[in-house]
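Written out below as structure tokens is the structure these notes cover.
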Amino acid sequence: MSFVFSKENLLRIETLKKRYPSPKALCLPCLWMAQHQEGYISIDAIDTISEEIGIAPMEIYGVVTFYTMFHLEPQDKLNVQVCKTLSCKLCGSDEILKHLEGKDVKISHVECLGSCGTAPVMQIDDVYYEELNPEKVDEILKSLR
């Protein structure tokens with residue numbers, strides 16, 4: 001295996017193991033650490049996490065492919081996730097999606113991001129951007145480049 005957690009992440013994992021009743025509960029935190037460390041989750045990272053927490057690699061792979069925030073390949077574009085549920089739709093998420101078309105980003109129309117009171121909402125990496133309009137979207141994208 002070529003993936004190895006950094007010393008800092010290994011210390012985090014050991015600290016978290018003390019807080020959880022089972023190491024298997026560390027699946028999501030370990031995936032987050034691996035993705036932040038490498039930019040995506042490789043098969044080697046899945047194997048390393050499997051050994052660390054005692055879950056079969058295929059179960060971890062199932063978690064990675066279930067959640068839209070995890071990536072199995074390096075991302076060459078910003079991954080912009082726009083909420084498609086009712087609150088965001090009523091507040092203009094369709095306008096945001098249309099505005100994003102043609103921009104140099106990967107657009108994902110995702111289920112509820114859990115910020116209905118500040119709709120419409122998009123997420124880039126693990127950061128939420130709320131109360132959007134096309135001008136605000138342009139400002140956000142400009143600041144991230």
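Bear in mind that the values in this text are calculations on the coordinates, not laboratory data. This structure is a prediction, so every number in the text was calculated from the model and none was measured. Don't worry about glycine lacking a Cβ; one is built from the backbone with ideal geometry, like all the others, and counts go over all protein chains shown.
Structural remarks
- Angle between the chain longest axis and helix 43-53 axis [Cα atoms, degrees, rounded to 10]: 60 degrees
- The label-point distance for T15 and Y40, in a model that sets each label 7 Å from Cα toward Cβ, rounds to 3.0 nm.
- Solvent-free Debye calculation, one equal scatterer per alpha-carbon of region 78-144: log10 I(q)/I(0) at 0.25 Å⁻¹ equals -1.10.
- Taking 0.890 mPa s as the viscosity and 25 °C as the temperature, the Stokes-Einstein diffusion coefficient of the chain based on its alpha-carbon Kirkwood radius rounds to 147 µm²/s.
- Cβ-based net charge around P134, under 12 Å, with every Lys or Arg adding one and every Asp or Glu removing one: -3
- Full extension of the chain between D76 and S22 gives 15.9 nm of extra length, using 0.36 nm per residue less the Cα-Cα distance.
- Cross-link partners for K18 among the lysines, with Cα-Cα distance under 25 Å and sequence neighbours closer than 8 places in the same chain left out: K7.
- Charge dipole (debye, nearest 20) of region 7-66; +1 at Cβ of Lys and Arg, -1 at Cβ of Asp and Glu: 360 debye
- Simple Cβ-charge dipole of the chain, Lys/Arg +1 and Asp/Glu -1, about Cα centre, in debye nearest 20: 320 debye
- Centroid-to-centroid separation of region 59-85 and region 115-134 [C-alpha atoms, Å]: 17 Å
- Compactness of region 7-66, taken as the C-alpha radius of gyration over 2.2 N^0.38 Å, stands at 1.01.
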